[in-house]
Amino acid sequence: MSNPEVPIVKLPEDPEQRAWLYRPSSIRKLWIGLYVLLGLTVVAQFGVHVHDHFGVDGWFAFSAAYGFLSCVSMVLFAKGLGYLIKRPDDYYEPKDESESGEGAADV
C-alpha cells in the first residue's frame, strides 16, 4: 500500500555528498556531544547546592537517573498502549465491493 504521489528520497551513495545530518561522521559527533553535555550536567551537581524536599532528591545524580527512568517508562508505556490499540493495516478499507457502495449514495 504505497502512495504514488509521495516521492521516495534516495540518499547519494557518497557520504560526503549527503547533507551534514545524514553523514555517519556527523551523527557520531552529535552522539559524542550529547554524552559530553549529559556528563557535564551530572558533574555540575558538585558545584551547585541541591535543595532536597523528599530526601532522595538530594542524592548525587538523582535528577539524571529520575529523568532517564521516566523516559524509559514513558517509552515502555507507549509501546504497550500501541499493542493494545493497534489496528490492522487494512482497517479502514472496505472488506469487499458490495460494502463500499452502500450508504454513500443515500446522503
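Look through TYR83, TYR66 and report the one residue that is over 30 Å from VAL36 (Cβ atoms), among the hydroxyl-bearing types (Ser, Thr, Tyr), modelled with pLDDT of 90 or more and not in a loop (DSSP other than H, G, I, E, B). Don't jump to the end; show me each part of the working.
Values: TYR66 fails: over 30 Å from VAL36 (Cβ atoms).
Within the list TYR83, TYR66, the selection yields TYR83.
Please go through the range 39-60 and give me each residue that is in a helix (DSSP H, G or I) and in contact with a helix residue (DSSP H, G or I) (Cβ under 7 Å, 6 or more places away or on another chain), ordered by number. Full working, then the answer.
Filtering the range 39-60 down to residues in a helix (DSSP H, G or I) leaves 39-46, 56-58.
Result: THR41, VAL42, VAL56.
The values are calculated or read from the model by the stated rules, or taken from the named source; none is laboratory data. None of these values were measured; they are calculated from a predicted model. Cβ sites come from the backbone with ideal geometry, for glycine too, and all protein chains shown count toward neighbours.
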